[in-house]
1. Taking the criterion of being open to solvent by less than 60 Å² (accessible area, probe 1.4 Å) and farther than 22 Å from Tyr279 by Cα, would at least one residue in the stretch 201-208 satisfy it?
2. From the residues in the stretch 164-198 that are more than 25 Å from the chain's Cα centre (by Cα) and open to solvent by 40 Å² or more (accessible area, probe 1.4 Å), which one is farthest from Arg247 (Cα to Cα)?
3. Mind listing just one residue for me: the one in the stretch 116-133 that is small (Gly, Ala, Ser) and in contact with a helix residue (DSSP H, G or I) (Cβ under 7 Å, 6 or more places away or on another chain) and, of those, farthest from Leu188 (Cα to Cα)?
4. Only one of these is surrounded by fewer than 22 Cβ atoms within 10 Å (Cβ to Cβ), at pLDDT 95 or above and within 20 Å of Ile307 (Cβ to Cβ): Ala33, Ala29. Name it.
5. Where in the stretch 42-144 are there helices (runs of 4 or more DSSP H), lying wholly inside it, with at least 3 residues that are within 29 Å of Pro295 (Cα to Cα) and touching a strand residue (DSSP E or B) at 6+ places or on another chain (Cβ under 7 Å)?
6. Of all residues in the stretch 43-55, count the ones that are closer than 21 Å to Gly314 by Cβ and either polar (S, T, N, Q) or open to solvent by less than 10 Å² (accessible area, probe 1.4 Å) (or both).
Amino acid sequence: MRMVGSLIAAVLVFAVFSASADAAATLPAFDSAMSGVIAQGYAGGSLAVMRNGSLVYARGYGFANTSNGRAATATTRYRQASISKPVTASLLRMVVATGALSFETRVFPFLGVIPADPRANAITVRMLKDHTSGLGGDYFFGSKQAAAYYGVASPPGVGTMVRWTAHYSLAADPGTVYRYNNTNYALLSRVLEIATGRTWIDLVRDMGATAGISSWRLGVSLQKPSDEARYYEASSSRYTQSVFDSRPGTVEWPYGGYNLQSFGGAVALVSTVVDMARYDQGVATGILAAAEDHPIPTRPGWNYTYIYNGSMPGHYTFLIRIWNSSGLTVIAGAFNHRDAGAIDGTINKRIIDAYNATSVWPAVDLPGAY
């Protein structure tokens, strides 16, 4: 997740578009940006744009599944990767507000786990949220190793993965060093579940419903739902060894290379791009809590840009919120491919350039179709 904020006081490309989008509404700069990525070898993607509270654009590009020719549309679901994290941070603020949890709650004592490194007893909920826990690795990828260590089937349950995490020494004293890490939010998800007695996905779905969101669900490693994109990792790292005893051997990374479900609020959210735009619109307008401790206000005289990105095997996502004198624009997008390098690194700029090149916005509101 990445945020950039500033305060100001006083080739013809093949593209398949969603048939439900208003034919008269066009945003050519965005079409060019999205189709340009598809032209570089990405299978497909989807885009949603909200402008001053109206859904003005929602389209798919390329293929959700290349093997059966299924087109990507505005309603195709995608794994959201690390854009799951701000959603989880919003949920955390909601739960803390109820009194069920505190930012200063000490994580491992709360979970009933004794860590091998005594310093880890000082890790708080706030430190997980802020990535300052001192945890040094993405330990939830180690399902096979954890299963062997504890003598259980792979992948182990979340409780076992929490203990697996706790058996490592810290890389830094808690609260002293920022180290972005999926483990922080995997643990945070478990803390939220214990505090509320409910699953992370049920909690976020209820939260999202207040902003009109209906597509959120938990990603499942071994499933390929018909309403979800098929994921294509870069060819150089497409295959790996399965962590699932039930499906041993070589697998495609998105489909068994890691236990997606166990990561919970770190990377496991599945959504349409329209509902991700609704989430960020809800944050900007105060319907939902912001992920940040001190979000920049959406009010006259203030300018900002927030950018959140997600990248996991086979998918890349972005969520961009721009507020300035011309109003509020929320842009959500996803691709069912990634190269984890050069192309991914250009996507944010392409989208920001498309925004800057757009002076006329569609005078429509499409939410009824989605």
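1. For the stretch 201-208, residues open to solvent by less than 60 Å² (accessible area, probe 1.4 Å) and farther than 22 Å from Tyr279 by Cα: absent.
2. The selected residue is Thr176.
3. Result: Ala116.
4. Ala29
5. Working: elements: 84-98, 107-111, 125-130.
Where helices (runs of 4 or more DSSP H) fall fully within the stretch 42-144 and carry at least 3 residues being within 29 Å of Pro295 (Cα to Cα) and touching a strand residue (DSSP E or B) at 6+ places or on another chain (Cβ under 7 Å), they are 84-98.
6. If we filter the stretch 43-55 for residues that are closer than 21 Å to Gly314 by Cβ, which is where we start, we get 43-48.
Now narrow it down to the ones that are either polar (S, T, N, Q) or open to solvent by less than 10 Å² (accessible area, probe 1.4 Å) (or both): 44-48.
Summing the residues that are closer than 21 Å to Gly314 by Cβ and either polar (S, T, N, Q) or open to solvent by less than 10 Å² (accessible area, probe 1.4 Å) (or both) in the stretch 43-55 gives 5.
The values are calculated or read from the model by the stated rules, or taken from the named source; none is laboratory data. Bear in mind that the values here come from a model prediction, so they are computed numbers and not experimental data. Cβ atoms come from the backbone with ideal geometry, glycine included; neighbour counts cover every protein chain shown. For the accessible areas, the whole protein counts, side chains as well, though only heavy atoms, and no ligand, DNA or RNA atoms are used. Shrake-Rupley method; radii C 1.70, N 1.55, O 1.52, S 1.80 Å.
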